[in-house]
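One structure is given here, and the rest of the page talks about it.
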Amino acid sequence: MPLNKSVGNMYPWATHTHTHLRGACMHECPYCYVQRGWAARHYQGPPRLEEKELRVNYGSGKTIFLEHCSDLFGPMIYDEWVTRIVAHTNLWPRNTYIIQTKNPERMVWALRQNKMLPTKILGTTIETNRETPGHAPQAKYRASWISEAMKLCPAQRFVTVEPIMDFDLDEFAQMLINIHPDFINLGADSKGCGLPEPGRAKLLTLIDKLRSAGIEVRQKDNLGRLLV
């Protein structure tokens, strides 16, 4: 898959996407768009590194969302693959690279190994403070490790709360605030997966708490359904 211009409603601030990886993601989040449609045809079977993708010319002046159909730091990805993918990005330092993971413990490993330049925007997904479906590390575990990663990284740091699931207001707000992200993306379930969702009043109060703590909140268009 070549370097593509970013389309859809994922992140409007990303200009391009690229993935070096193929195969199924072991997180198996039931709401993930990669498990549906065209993406599902390309992301089946054991994880693998596509050698040809390591030769893609990134040029300069782009904001590239890496491994947008997988997880660079997932348990299914070998350390050698992580090293080679990060080395590829480092060949093209005049870009900004978005790296998002549901396994930030391994992101901490990469940062401690000095494998990533500061021209990265690093983040994680935290949908709720409650139990989440699938096989990814639970949200509280992600929150603790992404906090550690952000202490090690001078780059921009973010949390994506999408698809937002019902939560315990005070606990969830404090969990997100304690991470000290530069910004938080908020989005809803756009695939009709029947997830438990917060009501309008609770959601608005969460947004107010985050903004009062000095955190930029970026609301995705699909959140509007929960705010009417």
So which residues in the stretch 190-222 are modelled with pLDDT under 95 and among the hydrophobic types (A, V, I, L, M, F, W, C)? CYS193, LEU195
The stretch 128-167, residues that are without any contact (Cβ under 8 Å) to a residue 60 or more places away in the chain, assigned to a loop (DSSP other than H, G, I, E, B) and among the small types (Gly, Ala, Ser): ALA155
In the stretch 97-132, which residue that is of a type outside the set (Lys, Arg), closer than 22 Å to PRO163 by Cα and more than 16 Å from the chain's Cα centre (by Cα) is surrounded by the fewest Cβ atoms within 10 Å (Cβ to Cβ)? GLU131
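The values are calculated or read from the model by the stated rules, or taken from the named source; none is laboratory data. Quick caveat: nothing in here was measured; it's all calculated off a predicted structure. Cβ: placed from backbone, ideal geometry, glycine included. Neighbour counts: every protein chain shown.
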